[in-house]
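Q: Can you read through this structure? Questions will come right after.
The values are calculated or read from the model by the stated rules, or taken from the named source; none is laboratory data. Keep in mind it's a predicted model, so treat the numbers as computed, not measured. Don't worry about glycine lacking a Cβ; one is built from the backbone with ideal geometry, like all the others, and counts go over all protein chains shown. Accessible surface areas use protein heavy atoms only, side chains included; no ligands, DNA or RNA. Shrake-Rupley method; radii C 1.70, N 1.55, O 1.52, S 1.80 Å.
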Amino acid sequence: MSSVAVQKAPAVAGATGTARSRPPLRGRVALIPTITLLLGALYCLLPVAWVVIASTKSGSELFSTFTFLPGTGFADNLGDLNAYRDGVYWKWMGNSALYAGLGALLSTCVSAVSGYALATYRFRGREAIFNVLLAGVLMPPIILAIPQYLLLAKADLTDSYWSVLLPQVLSPYGVYLSRVYAAAAVPGDVVEAGRMDGASEWRIFTRIALPMMIPGLVTVFLFQFVAVWNNFLLPFIMLSDDEKFPITLGLYTLLEQGSNTPALYTLVITGAFLAVIPLVALFLVIQRFWSLDLLSGAVKS
C-alpha cells in the first residue's frame, strides 16, 4: 500500500502544478470588461487624435494621403486663424467662456440651493417637484428650444447674450445631483444643532451645508460647463449676430463656408483643436480641486 501511495504522489503533484500553471477562469473572464473599456477608449480618443494631428497639416498635406504623422503647417494654420476676419475666432472663444463660465456658475448656485432645500426640508409637494425635475432630465433639449425662443422673443431678449445664458441657469440634472449629494453629505443632526444654536436657515446653509456640498457642486459645475460649452442648438436658434456666436456656432459657419472655400477647412480643424484645450485644462484643474476636497472631507470625518 505504501509503495502504491508513493508512486501516485508524483502524479498528484504534477496535476496540482498543471492546475496552478493555468490562469484561473475568473481572471480570464475579468479581461473581457478591460478589453471592452480599452476598445471604447480607443474609439473615443481616435477622432481626438485625428483632430490634433490634422491641425498640424497644411492644406496640401491634409487633402493628400493622410497619415498619423505630424505635419508642418500648424504655425501657418494658427496665423491664418488669428487673421481671419480680424480675429473673430477669439471673439467666439470669449463668448463661449462667458456663456459656459457664467452659466455654469449661476446654474451651480441655483442647483445648490434647490438641491439642499429638497433634501433638507419636508413640505407638501416636495416629491412632485422632484418628479417634475426628473422628467426634465429625461426630456431632450430640442423639445424646449422652440418654446424658450418664443418666451424670450416676447421679452425682446433674442439675439442677446441673455438669450443663451438664461435657459442654462436651471439645470434639472444639476438639481438632481445636488439633492442626492446634500442628502448624503449633510447630516440632519448637524442642521438641527445649528438651529438649536440660533443660526438662521441661510447661515446654516452657507456656513455648514455648503462646505460639505462643495465636492458635489464641483461635479455639477463641470458637467454644466461642458454642456454649455458644447451647446449648439440653443445659440443656433437664438442668435443671428455672428459677433455673439459661441465657438460651436462659429466653427459651424466656417465649415459651411468651407464648401465654397476649401482652404477654410484647415481653419476649422485648427479651431476645433484649440476649442478642446480649455475643457481639458478645466477638467485637470477641477479634478485636482475635487480630489483635495474629497481628501479633506475624509480627514474631517
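Q: Can you give the local net charge around ALA117? Use residues other than it whose beta-carbon is closer than 11 angstrom to its beta-carbon, Lys and Arg +1, Asp and Glu -1.
A: Numbers: positive: ARG122, ARG126, ARG179; negative: GLU201.
That sum, taken over residues with Cβ under 11 Å, equals +2.
Q: Return the calculated 222 nm mean residue ellipticity for the chain, to the nearest 500 deg cm²/dmol, obtained by summing -39500 (n - 2.57) across DSSP H runs with n ≥ 4 and dividing by the residue count.
A: So the calculated ellipticity at 222 nm is -25500 deg cm²/dmol.
Q: Evaluate E = 1/(1 + (r/R0)^6) for TYR252 and ALA193, where r is the Cβ-Cβ distance and R0 equals 45 Å; express this FRET efficiency to the nearest 0.05. Let's see the in-between values first.
A: On the way: r = 54 Å, r/R0 = 1.19.
It comes out at approximately 0.25.
Q: State the extension gain, in nm to one decimal, for the chain segment bounded by ARG203 and ASN230, taking 0.36 nm per residue of separation less the distance between their alpha-carbons. Mind dumping the intermediate values first?
A: On the way: separation 27, 0.36 × 27 = 9.72 nm, distance 3.57 nm.
Computed gain between ARG203 and ASN230 is 6.1 nm.
Q: So, for the chain, what is the accessible surface per residue at a probe of 1.4 Å, expressed in square angstrom?
A: On the way: 18250 Å² over 301 residues.
Each residue of the chain exposes 61 Å² on average to a 1.4 Å probe.
Q: How big is the charge dipole of region 157-275 about its Cα centre, in debye rounded to the nearest 20, if each Lys and Arg gets +1 on its Cβ and each Asp and Glu gets -1 on its Cβ? Display every interim value, and only then the final one.
A: Working: 5 positive and 9 negative charges, 63 e Å.
The dipole of region 157-275 has a size of about 300 debye.
Q: Give me the percent relative contact order of region 109-256, please, defined on Cα pairs under 8 angstrom at least 6 residues apart. Don't skip to the answer; put the middle values down first.
A: Working: 120 pairs, mean separation 50.1, N = 148.
Over region 109-256, the number comes to 34 percent.
Q: Would you tell me the accessible area of SER240, worked out with a 1.4 angstrom probe on the heavy atoms of the protein chains, in Å² to the nearest 10?
A: 90
Q: What is the Cα convex hull volume of region 161-213 when expressed per residue in Å³? Spell out each step's value before the answer.
A: Values: hull volume 4.6 nm³, N = 53.
So the per-residue hull volume is 86 Å³.
Q: Another question, if that's okay. Test of understanding: in a Gaussian network model of the chain with alpha carbons linked when under 10 Å, which of LEU31, LEU152, LEU217 would top the mean-square fluctuation ranking?
A: Comparing LEU31, LEU152, LEU217 in a Gaussian network model of the chain, the most mobile one is LEU31.
Q: Note down the nm distance, to one decimal, between modelled labels 7 Å out along Cα→Cβ at ALA185 and at ALA75.
A: According to this spin-label approximation, the distance is 4.7 nm.
Q: Please report, in debye to the nearest 20, how large the charge dipole of the chain is about its Cα centre when each Lys and Arg carries +1 at its beta carbon and each Asp and Glu carries -1 there. Walk me through the intermediate numbers first.
A: On the way: 19 positive and 16 negative charges, 333 e Å.
Roughly 1600 debye, rounded to the nearest 20.
Q: Under 8 Å for C-alpha pairs, at least 6 residues apart: give me the relative contact order for the chain, rounded to a whole percent. Intermediate values should be presented prior to the final figure.
A: Numbers: 275 pairs, mean separation 77.2, N = 301.
Here the relative contact order equals 26 percent.
Q: Could you look at the chain and say what percent of its accessible area is carbon and sulfur, using a 1.4 Å probe and all protein chains?
A: After summing per-atom areas, the C and S share lands at 70 percent.
Q: What length, rounded to one decimal in nm, is gained on full extension from CYS109 through to ARG126, with 0.36 nm per residue of separation minus their alpha-carbon distance?
A: Values: separation 17, 0.36 × 17 = 6.12 nm, distance 1.96 nm.
Gain in length upon complete extension: 4.2 nm.
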